[in-house]
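Here's the structure, in structure tokens; my notes come after.
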Amino acid sequence: MIELEALNKSFGAKDSAVRAVDHVSLQVNEGDIYGIVGYSGAGKSTLVRCINLLELPDSGTIRVAGFGAVSFENGRAFFQNDSGAREALTEKRLKLLRRDMGMIFQHFNLLDRSTVFDNIAYPLKHSGMGKAQIRARVLELLELVDLREKINAYPSELSGGQKQRVAIARALANNPRILLSDEATSALDPDATESILHLLKELNRKLNLTIVLITHEMAVVKAICSKVAVMENGRVVEQGEVYKVFSEPQATITRKFVDSSSGLGRINKLIDEHANVISGGGTLIRLTYNKDCVGDALISEVSRRYGVNMNILLGSLEILQGSPLGGLIVLVEGEMDARREAIRYLCEKNVIVEVIEHG
Ligand SMILES: Nc1ncnc2c1ncn2[C@@H]1O[C@H](COP(=O)(O)OP(=O)(O)O)[C@@H](O)[C@H]1O
Ligand SMILES: [Mg+2]
């Protein structure tokens, strides 16, 4: 649906330039809810603004299904059709491309002096639709986001969640196939966040809407994304299926994100501050159970088999994309050889074992 190839975008003059997007390549398939996660300043907003050409990339190529490719060179954009002919990107084509991508933002960007109706009707103004048609479309959109009763309200009379619903309706007015969401839930309380994420999921299913969802919260990715890319310093450092990335994070920053959302990351802080209280001579290990072994009673089995004490300090269980993912921090006590054998056995059973500290 969207394919980015070696996309670059810098800001500022040569020696003080910031590489906001650094050689990013990724592929979003039709129907994906594709999460892009990273800390503040990682380049997420710039990347998403490059996707809909609000920002002109310095170099690289963007392909959007049904449009051909747009490539960039020295601040100029070129369009290449499927047979390979290349020409400068025209305003008209740019408009068509943008029309296929709706966008929502953290702070909603509604017109404060306009009613809900007028906000949603705004992008339909130059669509050639008549008044009655526009009204019918706005009503349909309000139905879709479940906000019919607020049609004549002003943004100041709405809650954050309701404002985001208006913004979503407006973004979908022209029937785009793609929705770009830049921190759309970051200004909302947990309940509103949940209901907006639920709505996005429903729209994805109902309309086969492809969603690119930018967030600094791994919990958001966990809730609705099928794939995720992790960004750091303008680069995508890791990408893949959400389950795979969460169960076997590779990059340090991904591990940090995953830990902060499961709660297991607390162990590192606890060890830093209270090492002697926690490990006291045992081997501290971290176990990750994926969907193939989450149901097995491995702890008691290992404990019996090798005569070791397995002292559970922290645990978590999450359901990701419909599959369970479990994590445990365990203190193993007993003969050194028995501990080793116990760990080897767990590995054999497809549990991912990491030794945090050897006592
Ligand atoms: N218009 C701009 N002018 C100069 N620097 C910018 C501009 N937009 C973003 N940046 C810089 O690019 C980097 C990435 O920013 P941004 O894409 O907003 O990150 P994120 O959305 O992940 O927080 C930051 O260092 C930021 O200061
Ligand atoms: Mg941002």
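The values are calculated or read from the model by the stated rules, or taken from the named source; none is laboratory data. As the structure is a computational prediction, the values presented were derived from the model and not from experiment. Backbone-built Cβ (ideal geometry, glycine too); neighbour counts: all protein chains shown. Ligands, DNA and RNA are stripped out before the accessible areas are found, and what is left, the full protein with its side chains, is counted by its heavy atoms. Shrake-Rupley method; radii C 1.70, N 1.55, O 1.52, S 1.80 Å.
Couple of notes before you dig in:
- Pairs, first assigned by TED's automatic domain parsing to the domain that holds SER59 and under 30 Å from PHE11 (Cα atoms) in region 75-87, second outside any strand (DSSP E or B) and open to solvent by 80 Å² or more (accessible area, probe 1.4 Å), C-beta under 6 Å, six or more apart: PHE79/ARG93
- Taken over region 135-148, the criterion of being part of a loop (DSSP other than H, G, I, E, B) and surrounded by 15 or more Cβ atoms within 10 Å (Cβ to Cβ) is satisfied by VAL145, LEU147.
- Strands (runs of 3 or more DSSP E) wholly inside region 41-134 containing at least 2 residues that are surrounded by fewer than 19 Cβ atoms within 10 Å (Cβ to Cβ): 59-64, 68-73, 76-80, 86-88
- GLU241 meets all of the listed conditions (1) more than 16 Å from ligand 1 (Cβ to nearest atom); (2) open to solvent by 60 Å² or more (accessible area, probe 1.4 Å); (3) more than 12 Å from the chain's Cα centre (by Cα); (4) not assigned by TED's automatic domain parsing to the domain that holds VAL330 but one, namely (3).
- The set of residues in region 92-130 being touching a Pro at 6+ places or on another chain (Cβ under 6 Å) and of a type outside the set (Gly, Ala, Ser) consists of ASP100, MET101, LEU110, ASP112.
- Tallying residues that are open to solvent by less than 10 Å² (accessible area, probe 1.4 Å) and either within 16 Å of ligand 1 (Cβ to nearest atom) or of a type in the set (Asp, Glu) (or both) within region 156-172 yields 0.
- In region 21-40, the qualifying residues are those that are of a type in the set (Val, Ile, Thr), under 11 Å from ILE214 (Cα atoms) and within 14 Å of ligand 2 (Cβ to nearest atom), and the one that is surrounded by the most Cβ atoms within 10 Å (Cβ to Cβ) is ILE36.
- Flag for GLY234 being more than 15 Å from the chain's Cα centre (by Cα) and modelled with pLDDT of 90 or more: yes
- Of the residues making up region 173-218, those that are surrounded by fewer than 19 Cβ atoms within 10 Å (Cβ to Cβ), touching a residue at least 60 places away in the same chain (Cβ under 8 Å) and among the small types (Gly, Ala, Ser) number 2.
Yes or no, residue by residue, for (1) under 24 Å from VAL64 (Cα atoms); (2) within 13 Å of ligand 1 (Cβ to nearest atom):
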residue: LYS201; (1), (2): yes, no
residue: LYS206; (1), (2): yes, no
residue: THR210; (1), (2): yes, no
residue: VAL220; (1), (2): no, no
residue: CYS225; (1), (2): yes, no
residue: VAL236; (1), (2): yes, yes
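- Output for region 315-340, where each listed residue is acidic (Asp, Glu) and open to solvent by 70 Å² or more (accessible area, probe 1.4 Å): GLU335, ASP337
- Residue within region 59-79 that is under 24 Å from the mean Cα position of the chain (by Cα) and within 16 Å of ligand 2 (Cβ to nearest atom) present: no
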